[in-house]
1. Search segment 212-224 for residues that are more than 13 Å from LEU162 (Cβ to Cβ) and pair each with any residue that is among the charged types (D, E, K, R) when their beta-carbon atoms are under 8 Å apart and the residues are at least 6 apart or on different chains.
2. Please find, within segment 92-105, the residue that is surrounded by the fewest Cβ atoms within 10 Å (Cβ to Cβ) out of those that are free of Cβ contacts under 8 Å to residues at least 12 places away in the same chain and on the phi < 0 side of the Ramachandran plot.
3. Restricting to segment 266-291, what's the tally of residues that are within 31 Å of the chain's Cα centre (by Cα) and either outside any helix (DSSP H, G or I) or within 19 Å of PHE251 (Cβ to Cβ) (or both)?
4. Of the residues LEU261, LEU271, LEU246, which single one is in contact (Cβ under 8 Å) with a residue 60 or more places away in the chain, over 30 Å from GLU69 (Cα atoms) and not assigned by TED's automatic domain parsing to the domain that holds ASP129?
5. With (1) of a type in the set (D, E, K, R); (2) in the same structural domain as ARG153 (by TED's automatic domain parsing); (3) surrounded by 13 or more Cβ atoms within 10 Å (Cβ to Cβ) as the list, and GLU204 as the residue in question, which single condition is left unmet?
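The values are calculated or read from the model by the stated rules, or taken from the named source; none is laboratory data. Because the structure is a prediction, the values reported are computed rather than measured. Please note: Cβ atoms are built from the backbone with ideal geometry, for glycine as well, and neighbour counts cover all protein chains shown.
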Amino acid sequence: MDDTALVDHFNAAIVSLLPGFANNDDILGLAVSGGPDSLALLLLAHEAFPKRIAAATVDHQLRREARDEALFVANLCAERGISHSILTPRIPIRGSIQAEARKARYSLLHGWMERANIAWLATAHHADDQLETLVMRILRGSGLDGMSAIRARRGHIVRPLLDITKNQLVEFVQSHEIEPIDDPSNQDQGFDRVRVRNALAGLEGFDVSLANHSAAALEDARVALNWMVDGLAADHLSKTETGCVLAKTDFPHEIQRRLVLKAIHICDPALSPRGEQLERTIAALGTNQTTTIGNILCQGGEQWTFSPAPRRQNS
């Protein structure tokens, strides 16, 4: 795919993800770190939608070089007349670095969007990222929801590069004679994603962009299943004064699982039970037992009832 075709492809992806974008004045925000993927996103968006984009770079303050890298992106944007902001967390990032950095990054980006009246945020996730995520989810035993992997649109975040390979993005940046930033954390074997990426690098002759087709098919299945469960919940799951009742329970296991989750969330919206906890609960309900999950009392029988568990009396 040459540069012109890539720009056209990007344009079509944005219009597909945001059907009204071509006919309104919305601004598309771009998360740009300075690596080859996000620089490609910046250059593609600038060519496809000039004057309708703004960019932000998050300096997580985890590396000394990060500030200079953010200024590098700022200079590229200034040369092209693109609005750019550098965002930094107020509280130092600690704990699980990748996970906490991600939380901080999206929190900062959402705040920037609100302040700048930016409607949408585009990130540079691409086909190789999608394949890596699918493999990681398989290795972690994810169910259908997890196997939907990286979604092309979620809320106000869009990912228009999911069927474009990293090599295509690297070549696009090279054609603009820009040297991208090389983040050393991308080579750190201490991160699961890096180990999976290196393992996949040994596979040749495969079209990695097809991974996005699989993820999209799984996402379609997830949406269809949720649509079915919503209808069944409307017919068979009713609220009571203290909780709710599932009047019909003889469904396939995955539908049972989603209906029970709905029932639990009616009683306690903040409760997110782990897979094993939920499986044990469903097994108990299916054999007419009474059990608790979190602070919810679950009673089996012809119908399943859910209510707050009685508080324990102090002896």
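1. ARG222/ASP145
2. Here the answer is ARG94.
3. Residues flagged as within 31 Å of the chain's Cα centre (by Cα) and either outside any helix (DSSP H, G or I) or within 19 Å of PHE251 (Cβ to Cβ) (or both) within segment 266-291 amount to 15.
4. LEU246
5. Every listed condition holds for GLU204 apart from (3).
Every residue, every condition in (1) closer than 18 Å to ASP37 by Cα; (2) outside any helix (DSSP H, G or I); (3) not hydroxyl-bearing (Ser, Thr, Tyr), yes or no:
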| site | (1), (2), (3) |
| --- | --- |
| ARG105 | yes, no, yes |
| ALA124 | yes, yes, yes |
| GLU132 | yes, no, yes |
| LEU162 | yes, yes, yes |
| ARG197 | yes, no, yes |
| HIS213 | no, no, yes |
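To keep it simple, each residue is scored yes or no on (1) under 18 Å from HIS126 (Cβ atoms); (2) of a type in the set (Val, Ile, Thr); (3) not in a loop (DSSP other than H, G, I, E, B).
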site: MET1; (1), (2), (3): yes, no, no
site: ASP37; (1), (2), (3): yes, no, yes
site: HIS84; (1), (2), (3): no, no, yes
site: ARG90; (1), (2), (3): no, no, no
